[in-house]
Amino acid sequence: MRVIRVRRRVDSDTLQLPELREFIGKEVEILVLEEVPSPSQQSAGGRDYSALAQIAGQDMIDPEAYKELRAASMV
């Protein structure tokens, strides 16, 4: 069984999901789950950390900037 995860904001009752093309003509089960923030993602002290939760786990390091900073620190 192959599984894909598609995260989208539902703006309409008609969805267009190109990720499903490979499943056309096959028997599938489609589940719709509302994402409820975990207690660690909920606001703490009135602050909203949901944007940080969305990018958690992404590699956002600029290797060139890292090389430049390292070279500058060796002087």
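A few notes on this one:
- Extent along the principal axes, Cα only, for the chain: 63, 37, 25 Å, with the longest axis given first.
- Near Tyr49, the amide H atoms lying under 5 Å from its own belong to Ser43, Ala44; only residues 5 or more places off or on other chains count, and H is placed 1.01 Å from N.
- Charge tally around Glu35: other residues with Cβ under 12 Å, Lys/Arg +1 each, Asp/Glu -1 each, net +3.
Read the figures in this text as sums done on the coordinates, not as results from a lab. Everything numeric in this text was worked out from a predicted model, so none of it was measured. FYI the Cβ positions are ideal-geometry reconstructions off the backbone, even for glycines, and counts take in every protein chain you see.
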